[in-house]
Every structure is written in C-alpha cells, then in structure tokens.
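The values are calculated or read from the model by the stated rules, or taken from the named source; none is laboratory data. Only a predicted model underlies this, so the values are computations on that prediction, with no experimental measurement involved. Cβ placement follows ideal geometry from the backbone for every residue including glycine, while neighbour counts extend to all protein chains displayed.
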Amino acid sequence: MAGLALDGVNPDVGLLYDINGLARSAPPWFDRVMEFVGEYGIMLALVMVGLWCWWSVRRRGTPEDSIGAVAALVWAPLGAGIALLVNVPIRGFVERPRPFLDHQGLEVLIAGKTDFSFVSDHSTMAMAIGVGVFVAHRGFGFAAIGLALAEGFCRVYMGVHYPTDVVGGFALGTAVVLLLAPLAQALLTPLVSAVSRSGPAGRLVRSRRAVAAEQQHELLDIPEPGVRPGHNDLAA
C-alpha cells in the first residue's frame, strides 16, 4: 500500500506542492523559524496551554468541576501516547514513503526523516492533546486545537508529510482520545479526587484560594443556634 499518493495529478500531491512551495519562496530565516515551530515550537506551546488550563480550572468552579477537568488534562498526554502506539502498526501496514523520496523539487526543511510517512506522529500527538484539553475546558481546547491544525500545516510546509498524512493523524488522535475518554475519566476521576483530599498535594487539583473561598461560604451558611436549616417560624 505504498502508492497512496504517487501520481503527480493526485490532489494530495498537488496540495503538497502548493503548501511546500511557500517554503521555496520564503526567506531562509523564515524557513528556519518554521522548522523550529513545526518540530518543537507548537508542541511546547501545547504544553503551555495545558498548564495554563490546569492553573485556571483549579482556581474556578466547584470542586467537582476541578476534579473532572484535571482528570481530563491528565488523560490528554496519556491519550496522545496511546495514539502514537496505535500508529506503529498502521505505519508498518501502509508503508508509505516520505514525500521527498517519491517527488522531486520539494523544499525539505528537516533532513534525516527515513521512517514511513502515514500517519504523521506530530499531527496525531498535537490533535490528541488538543482534543484532551477541549474535554477539560472548551476555551483552552479551541486554542489547543488551533495549534494542532497549525502543526499539521507546518509538517506539509516542511516537506516531510503529505496532507493526508496530517489528516490521518488528526483523525487518529481525535478517535483515540474521545473513544477512550469515558473509560479514562472513570479510572482517573477517583484518583484525582483522592489527591484533592491529600493535604498539600491537593493543591494540584484545587488552589488554596478556591479552598478558602469554599470554607468561607460554608461558614456563611451555618444557621444560628436553635434555628433549624430551612425552618420558618410562621406562628400566627
């Protein structure tokens, strides 16, 4: 199945040349920037978005909200790792060569890529993390998914993947994270809940300020002595 996109009239190949052609006309410094961004930068940005999301969800909402969101954030990198493992037999089965091995005139920004092309590991991992963050928090999730889409564009721009390699990676990362999310949440939520009750380690799930606000709210809800909660004196 190595011949997924070997014909020059194939739309997959045409789009590859269109996107990669931008690298040929760009200044060398911009290509160096895209090389770093596509190989490392966006993945680092996804980590930062995940950390920012964690910092936010532990400070807002109810304790149950924080526990569920933190469990989802723990699942995001775990799901990405599982998706990469699933990709190992897929690559071995499809055996699609890198595009620069079958097509001339590509501007390859990263040398030394000798493994198979379908599906893109970077795209798989980026989208898996993006969807995992989305499960935890929609706002941060949209930002993370946007970064994942940018990662896919960079892989084609760099000349190391076909567009369908990227689309396949997006589909694989999304499918693994979403299909296994119910099981992952069922396993991780009790664990995260236990951590939230374990003294100093609980700050990983719920911030000190949020805990203090909850305690203050509980104090304000304490009824006066001799008055039963919810009881109204309606004596005529």
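Points to keep in mind about this one:
- Inside the range 92-112, residues that are surrounded by fewer than 16 Cβ atoms within 10 Å (Cβ to Cβ) and among the charged types (D, E, K, R) make up a count of 1.
- Of the residues 164, 174, the single one that is in contact with a Phe, Trp or Tyr (Cβ under 8 Å, 6 or more places away or on another chain), under 30 Å from residue 23 (Cβ atoms), of a type in the set (Ser, Thr, Tyr) and surrounded by fewer than 24 Cβ atoms within 10 Å (Cβ to Cβ) is 164.
- Note on the range 135-149: residues that are closer than 16 Å to residue 119 by Cα and surrounded by fewer than 24 Cβ atoms within 10 Å (Cβ to Cβ) amount to 1.
- Picking from residues in the range 74-101 that are modelled with pLDDT of 95 or more and in contact with a Gly (Cβ under 6 Å, 6 or more places away or on another chain), the one that is nearest to residue 131 (Cα to Cα) is 76.
- Filter result for residue 68 (over 26 Å from residue 34 (Cβ atoms), at pLDDT below 95 and outside any loop (DSSP other than H, G, I, E, B)): yes
- Residue in the range 50-61 that is closer than 24 Å to residue 161 by Cβ, touching a helix residue (DSSP H, G or I) at 6+ places or on another chain (Cβ under 9 Å) and either surrounded by fewer than 20 Cβ atoms within 10 Å (Cβ to Cβ) or among the hydrophobic types (A, V, I, L, M, F, W, C) (or both) present: no
- Selection over the range 62-77 of residues that are surrounded by fewer than 18 Cβ atoms within 10 Å (Cβ to Cβ) and either touching a strand residue (DSSP E or B) at 6+ places or on another chain (Cβ under 9 Å) or under 30 Å from residue 156 (Cβ atoms) (or both) gives a count of 1.
- The set of residues in the range 7-40 that are of a type outside the set (Val, Ile, Thr), over 14 Å from residue 109 (Cβ atoms), touching a residue at least 12 places away in the same chain (Cβ under 8 Å) and in a helix (DSSP H, G or I) comprises 12, 15, 17.
- Looking only at the range 29-49, and only at residues there that are within 16 Å of residue 120 (Cα to Cα) and not hydrophobic (A, V, I, L, M, F, W, C), the one that is surrounded by the most Cβ atoms within 10 Å (Cβ to Cβ): 38
- Residues considered: 129, 82, 145, 90. Of these, the only one that is more than 17 Å from the chain's Cα centre (by Cα), of a type outside the set (S, T, N, Q) and on the phi < 0 side of the Ramachandran plot is 90.
- Index of the failed condition, residue 85 passing every other in (1) part of a loop (DSSP other than H, G, I, E, B); (2) without any contact (Cβ under 8 Å) to a residue 40 or more places away in the chain; (3) not basic (Lys, Arg): (1)
- The range 97-112 residues that are touching a residue at least 12 places away in the same chain (Cβ under 8 Å) and in a loop (DSSP other than H, G, I, E, B), paired with ones that are surrounded by fewer than 15 Cβ atoms within 10 Å (Cβ to Cβ) and among the hydrophobic types (A, V, I, L, M, F, W, C) (beta carbon under 8 Å, 6 or more apart): 97/2
- Qualifying residue in the range 34-43 (condition: acidic (Asp, Glu) and out of contact with any Leu (no Cβ under 9 Å at 6 or more places or on another chain)): no
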